[in-house]
Every structure is written in structure tokens, then in C-alpha cells.
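The structure's right below; bear with me while I get my questions together.
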Amino acid sequence: RLPAQEQPPAPPVGPLPVAPGGEAALAQRHRPLNVRYFGAKGDGVTDDTDAIQRCLLQAATPLYPKFYYRAYVAVPEVFFPQGTYRITRTLLVPICGGDSGLGLINLRGEKATLQQTDPTQDILYVRLAYRNLIEGLAFEGGRRQIKLWSRNLDQGHIVIRDCAFRNASGYAIDDQIRKRKKTENPYENLSDMVEPYTIGADKQGLPVLTPVDEAPLPHYPFVSTCMRITRCSFQRCLQGLSLWADWLLMDDCTIETHPDMNGPAILSGGQLILERVTGLGHATPGKSQRWIEKV
């Protein structure tokens, strides 16, 4: 069982001046990066995609101190104050420390919802997920709500806690890895991994993610990560969860299935430990629903 982490400190009280490109937030390096400082409104009407993406990119800037051990960087937390943040494309949670860096950014919300208006677009793509904490956020709509991709980095640790996942047209959380070719021995060609998106840029230089068609690609047999999902709720997501971490503890969670879900609420490819997880099933006649499928 992974130890519970201590609650992070509350964000500072009092506004910082808004400046182009978030210079004010950068000047306060000891503080969380508040998405409001980058122009996000959180009113449920304004398209906050670009503002949030600028904040995420700021968290990965090379201007923060770097420690010369496995490309660790002093990464600030990205904070979402109370509100509903409307987004219209997939947000990239980038790596830190340059091309050889790692996924180290933490995301925290305070009664905050990320609402994806396009059911064909994901919400978050955590690239090279390695040491990430996601807590206190609600995810509404979209296809996949959190897509984790680690390139099978060894000794990864991911914690997702106090979050709500609602009405995804795909998986609420998906950490699976795909490879290009199926082999008779699934442990062969383990370096032949396919990143789930191609990453381009718009006119502002902000990332634009185009999903790769993963349907014909075989699964990687494992993801070398320890993960904990705690105190989370999953409500009416069409494909449930796809969880392939070597070790996963899921505790104090609730799952309510979508009536049209076909297949497992939890698709698991690693060691799965459940503690105090409850479920409520809704099944349309003809759908083959089940709680857990071990691959």
C-alpha cells in the first residue's frame, strides 16, 4: 500500500497582478501557479483552454531550478480555484527539464471542474507521467478524462485523490501503452512504443494534440508504475477505467456504470488491490457488463 501523502499548503490569499505570459506568477516561484493569473475565468462559459495550457507550459519552463539527478526540476503546483473551466481541446501536461525531462507537474483544485465540451476530445494528457499528483478536481465529459503515458519509465508513482469523473465517452483514467507490432512473446520489442498523440502547435505556439488510432495496436503487457486512486467517484463513464500499472491500490472509491457501457468497469493489466470500493450498475439489455477484467 502506498502511503498517503500530506495535504499541500493552501494557495496564498490575495491577488497577483495579471501580466502577459504569466511573468507575475513566475516572479512568485514559491507559490502555486494559479490558472486565473493566466486568464482563465472558470465561469463555465468562457473557453479557458488556452489560458490553462499557458499555465501548464509555465510550470514546465526551464527557468525553474534543475537538479542533476534524473532530470528533476523544482516544479510549481498548478492550482485551479473554485469554478467550472470550459475546455475545447486536449490539454497537455508537459514534461519538465527539457527533452530529457520527466512528468513531474502536480494539479490541484478547490471545488473546480474541468468540463470538456467535445465528446471526441480528451481532457488531460500527462506526458511521460512519472511523479504526478492530481487531486481535488472534477472531470466532466470528453472522451478520456486523464490519459497517462509513461513510456514505461521505471519507478513511476502516480496519486489521484479526491477527484470526480463524470460522463466520459471513453475511459475516465487510462494508463495503457501500445506498441506497433504484436509478437508471439508479449515481452519482445518492448521499445517499440507508440505515443498516443502527435503534438503540433497553433499560431500562438500552444500545443495541439491529435490522437493516434490505437485500436489496431497491441497492448504493452505492463506499465512500470505504482499508482494510488483514493476517495474518487466515477459516474456513468462509457468505458470505465483502463489501469495497467504494476501495482495499483484503489480505495474508498465509488463506481456507477453508464447504461450503455459494454465490458468491464475496471480493465486491469497489473496487480490490483481494492479496499472499500463500491459499485452501482446500470445495464441496457444486451450489454455485457462486468466489474473487473484481468488481462
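Report the far tail of the P(r) of the range 204-295, meaning the percent of Cα-Cα pairs longer than 16 Å.
It works out to 62 percent of all Cα pairs.
So, one more: Taking H placed 1.01 Å from N in the peptide plane, check which residues at least 5 places from L102 or on another chain put their amide H under 5 Å from its amide H.
It is C96, by chain and number.
Largest first and to the nearest Å, give the Cα extent of the range 114-226 along each principal axis.
Reported extents, whole Å, longest axis first: 41, 33, 27.
Turning to a different aspect of this structure: Per residue, how much space in cubic angstrom lies within the convex hull of the C-alpha atoms of the range 149-188?
Per-residue hull volume (Cα only) is 103 Å³.
Quick one: net charge around T113, please, counting Lys, Arg +1 and Asp, Glu -1 for every other residue with C-beta under 12 Å from its C-beta.
Result for the neighbourhood of T113: -1.
I want the antiparallel fraction of DSSP beta bridges within the range 97-241, as a percent rounded to 5.
20 percent
Something else now. Between A201 and T183, with labels modelled 7 Å along Cα→Cβ, what's the label distance in nm to one decimal, could you check?
That separation, rounded to one decimal, is 3.6 nm.
Read phi for every residue in the range 143-160 and hand back ³J(HN,Hα) as whole Hz from Karplus 6.51 cos²θ - 1.76 cosθ + 1.60, θ = phi - 60°, with x for Gly and Pro.
These are the phi-based 3J(HN,Hα) values: 8, 7, 8, 10, 9, 9, 9, 9, 6, 6, 4, 6, 6, x, 9, 10, 10, 10 Hz.
Mind putting together the pair-distance distribution for the range 181-241? All Cα pairs, 10 Å bins, whole percent per bin, short to long.
Final binned percentages: 15, 29, 35, 19, 1.
Okay, moving on. Under 5 Å between amide hydrogens, which residues at least 5 positions from A60 or on another chain qualify, with H placed 1.01 Å from N in the peptide plane?
For A60, no residues qualify.
Rule-based calculations on the coordinates, nothing more; no lab input. The shown structure was predicted, so the numbers you read here are calculated from the model rather than taken from an experiment. Virtual Cβ from ideal backbone geometry, glycine too; neighbours counted across all protein chains shown.
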